[in-house]
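Structure first, then comments.
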Amino acid sequence: MPPVNRNQPKRAKSSESQYSLTEFMKEFPDDAACLEWLWRNRYSEDGEHACCPKCETERVFKRYGTSQQRQSWTCNGCGYHLHPTAETIYHKSSTSLHLWFYTMFLMTSTRCGISAKQMERELGVHYKTAARMMRLIRRDLMEQDDLVLEGRVEADETYVGGRRRGAPRGRPGTGSHKTAVFGAVERGGKVVAVTVPNVRRATLMPHIIKRVMPASEIFTDELKSYNRLGKAGYHHQRINHTEQVYVSGDIHTNTIEGFWSLVKRGIGGVYHAVSTKHLQGYLNEYAWRYNHRADDRSLFLALLLRSVGS
């Protein structure tokens, strides 16, 4: 029987965690470990050799102690400096790398998100610092790429926000704080969600054409904005919610509505209120977690690798 490694973090068999706090603290105990990780994942696999842009060949690089806040590695041939944080989300940030990494760990460890006030308490930084870091992570690392859906796709619109006091219930109008959002999800696959100025056909159709492959089967509700999907080359199926019909065989929009429920419960329970200006960032965060839910590697590692362009 092989010897037991008592230094190896233990995880309960029932735990759904792929990367625990114990593992994070062991791998990234301080700024130096975070910088070393960036160096190895951006430039030098073995930690010593890297391609020098000036010499145009592989050289030995050494790290020398300097007064710089962000340390660099120096080419032994020509003295060229390589900075692991250059052109990344950490570039010119006065916040320690360890706090950046820990912020990403917390954002990927929660199912419904974490507020900037809670992040402020966790990190011991100013609220504006925590909010700025989270905003940049949502905008730059969790940005929804030009993802294209195909096969069986559900499309739907919803509204996020609250009513003005005294405004009537129902579809949002002039007395509403609500923001229109359009989303589409591939059954068993990924989701896209974007804020839109309105839910008219001229607004929604370009998003569908951009995000859904031609000849795909699209399931929607009875909104008239989707009337021309058939003419656009899609196999269009719709469910009539106004008649209290929500499922007819395999015709439904329950998948995308389940995602809307996740977003709204998360925003209402964690953030309480989100402005129209920053709503897209929150949609990016929820969509990113949803789209990476089945990844073999941890969400934290996936986000960390994206921060270095991998």
Per-pair calculated FRET efficiency, R0 = 45 Å: GLU27 and ARG139 via Cβ, rounded to 0.05: 0.95
Kirkwood estimate for the stretch 164-310, i.e. one over the average of 1/r between Cα atoms, Å: 17.3 Å
Near-label residues of the stretch 260-288 by backbone N, under 14 Å of a point 7 Å along Cα→Cβ of LYS117: 268-274
Mean projected area (nm²) of the alpha-carbon convex hull when the chain is viewed from all directions: 23.0 nm²
Where only alpha carbons of the stretch 109-160 are counted, the Rg and the Dmax (Å): 15.7, 47
Rounded if a/c under 1.5, otherwise prolate or oblate - the stretch 243-303, Cα gyration tensor axes: oblate
Within straight-line cross-link reach of LYS277, lysines at Cα separation under 26 Å, skipping those fewer than 8 residues along the same chain: LYS92, LYS117, LYS128, LYS178, LYS190, LYS210, LYS264
Among beta bridges that DSSP assigns inside the chain, antiparallel share in %, nearest 5: 75 percent
All aspartates and glutamates inside 18 Å of LYS231 as judged from Cα atoms, apart from same-chain residues fewer than 8 positions distant: GLU150, GLU154, GLU217, ASP221, GLU222
Convex hull projection area averaged over all views, the stretch 32-149, Cα basis, nm²: 9.8 nm²
Estimated inter-spin distance, LYS231 and MET213, nm [label 7 Å along Cα→Cβ]: 2.6 nm
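Every read-out reported here was derived from the displayed coordinates using simple, explicitly stated rules and does not represent laboratory data. Just so we're clear, the structure is a prediction, and the values are computed from it rather than from any experiment. Here Cβ is always computed from backbone atoms with ideal geometry, including for glycine, and neighbour counts include all displayed protein chains.
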